[in-house]
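Only the coordinates and a few stated rules stand behind these numbers; no lab work does. Here the structure is a predicted model, which means the values were calculated and not measured. Note: ideal-geometry Cβ built from the backbone for every residue, glycine included; neighbour counts use all protein chains shown.
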Amino acid sequence: MSTDTNADADDESTSKCGASSSSESNTESSSSKCGGSSSTDDSSSSKCGGSSSSSSSSSKCGASSSDDDSNEQEVGATVDDFDAEPGQLIAVGLGPGHPEGMTERAKDALLEAEHIVGYTTYIELIPDEITEQADDIYDTPMCGEVSRTEESIDRALAGNDVAIVGSGDPNVYALAGLALEILESKGATASMVDFEVVPGVPAAQSCAARLGAPLVNDTVSVSLSDHLVPMPEIESRLHSVASENFTITIYNPWSRKRRENFEKACEILLTHREPDTPVGIVHGAGREDEQVMITELGELEDLGESEIIDMTTTIVVGTEDTYVWDDRMVTPRGYETKYDY
Ligand SMILES: C[S@@+](CC[C@H](N)C(=O)[O-])C[C@H]1O[C@@H](n2cnc3c(N)ncnc32)[C@H](O)[C@@H]1O
């Protein structure tokens, strides 16, 4: 089973960050004409990096040279290092992972982009007819989300129209915010690169669709990744959310390094909800290895050791009103209190 198919903004603690294969595939898997150390070719139609100041940047057209350890990622070139008229920067959400799950707007945005930047697995989710028309694809393996985002910004500041892609939606535990933060730290502005977000279907919605109708009332998402948010803070948020009668979608539920986080989360949920509370588990929604299961909260912790729960899984914990009918999770919206049917 794949364990490395999600590496957006807060997913790095579970990854193989810093593994030697990262830097290898960083150059091997990238087809960038901008990024690699060998890329001095002027024949490329793409415009890379600052005017002549790549040495002042931690990136070669943005990307850090080899160190993909997320703690080591630093922003390099500033807006003053670029002479060109900036191009456009678009953060595009790919949806769950199959081409039919992409919006037309996302497809059009990618077709118009000169450069497409993203985590290798996400780039592979894009139909060939789209990637083939791009002047350049810059893909990196898991890790390096800061350097990858900076790469996309530097390419835009250097005059290219750039799309940075991620799974689901760019606003859900993803890179849209990071892009704006890095733009600001470079002394640039969002308007300068005509920054735009093209939404995609988030995992919670793709997964809910596979489970029935569990999200039709008030719902809150919690990520169990402690890469960017410390676990005590996550625990406190989970207590607060679980104490109210919200449906809870749990992102980043599991990894070998995050085993205790998952166990702790199950423990917290059980202090607020009955053990027979319906729980939906969807692994790889819209992907070849999709798996769907509806179980009860009391069974959840034991499933942490099974194949269905990993980094490509989203868990939906029902409210006290959620029930299972004909293999579907149903959270009443409240119509039954007002209407007879
Ligand atoms: C860093 S977050 C990115 C979320 C993404 N931006 C979105 O809108 O869905 C990665 C987490 O999203 C969830 N996820 C992403 N794709 C999924 C899929 N196809 N099926 C189930 N869960 C998925 C998993 O919980 C995974 O750990």
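Worth a mention:
- Loop-resident sites, the stretch 226-268, for GluC sites (Glu not before Pro), counting at most 12 other Cβ within 10 Å (DSSP): E244
- Peptides 94-107, 159-172, 196-209, 325-338 ranked from most to least packed give 159-172, 196-209, 94-107, 325-338, packing being the mean of other C-beta atoms within 10 angstrom over each peptide's residues.
- Check: the stretch 204-330 dipole with +1 on Lys, Arg Cβ and -1 on Asp, Glu Cβ, in debye: 460
- Sparse packing (at most 13 other Cβ atoms within 10 Å of the Cβ) combined with a DSSP loop state is found for the following GluC sites (Glu not before Pro) in the stretch 119-166: E132.
- FRET efficiency for K338 and R105, using Cβ-Cβ distance with R0 set to 51 Å, rounded to 0.05: 0.90
- When only alpha carbons of the stretch 204-330 are considered, Rg and Dmax amount to 13.1, 39 Å.
- Dipole of the stretch 204-330, positive direction: furthest Cα of L303, L228, C207, with charges on the beta-carbon: L228
- Value of relative contact order over the stretch 157-228, rounded to a whole percent, pairs C-alpha under 8 Å and six or more apart: 31
- Shape class of the stretch 152-209 from the Cα gyration tensor (axes a ≥ b ≥ c, square roots of the eigenvalues): prolate, since a/c reaches 1.5 or more and a/b is larger than b/c.
- Filtered GluC sites (Glu not before Pro), the stretch 292-327: DSSP coil and at most 14 other beta carbons within 10 Å: E305, E307, E320
- Shown for L269, L224: other C-beta atoms within 10 Å of each C-beta, ranked fewest to most, produce the order L224, L269.
- Under-5 Å amide H pairs with D83, H placed in peptide plane, nonlocal only: S51
- Cα gyration tensor shape for the stretch 259-341, rounded if a/c is under 1.5, else prolate or oblate: oblate
- Column: log10 I(q)/I(0), Debye, Cα scatterers of the stretch 76-118, q = 0.13, 0.17 Å⁻¹: -0.41, -0.59
- Under the criterion of Cα pairs below 8 Å and six or more residues apart, the relative contact order for the stretch 204-330 equals 32 percent.
- Cα centroid of the stretch 242-286 to Cα centroid of the stretch 206-236, whole Å: 8
- Protection proxy ranking, highest mean first, for peptides 183-191, 213-221: 213-221, 183-191, where packing is the per-residue count of other beta-carbon atoms within 10 Å, averaged.
- Taking the Kirkwood radius as Rh and the Cα radius of gyration as Rg, the stretch 80-201 has a ratio of Rg/Rh equal to 0.94.
- Antiparallel bridge percentage (DSSP; both residues within the stretch 204-330; nearest 5): 70
- Couplings for the stretch 202-211, taken from phi via the Karplus curve 6.51 cos²θ - 1.76 cosθ + 1.60 with θ = phi - 60°, read x, 4, 4, 6, 4, 6, 4, 4, 7, 9 Hz in order; Gly and Pro are left as x.
- Modelled FRET efficiency - R0 30 Å, Q133 with T189, Cβ distances, 0.05 increments: 0.55
- Here the residues I248, I268, ranked from fewest to most Cβ neighbours within 10 Å of their Cβ, fall in the order I268, I248.
- Built amide H within the under 5 Å cut-off of Y138, gap 5+: I116, V117, G118
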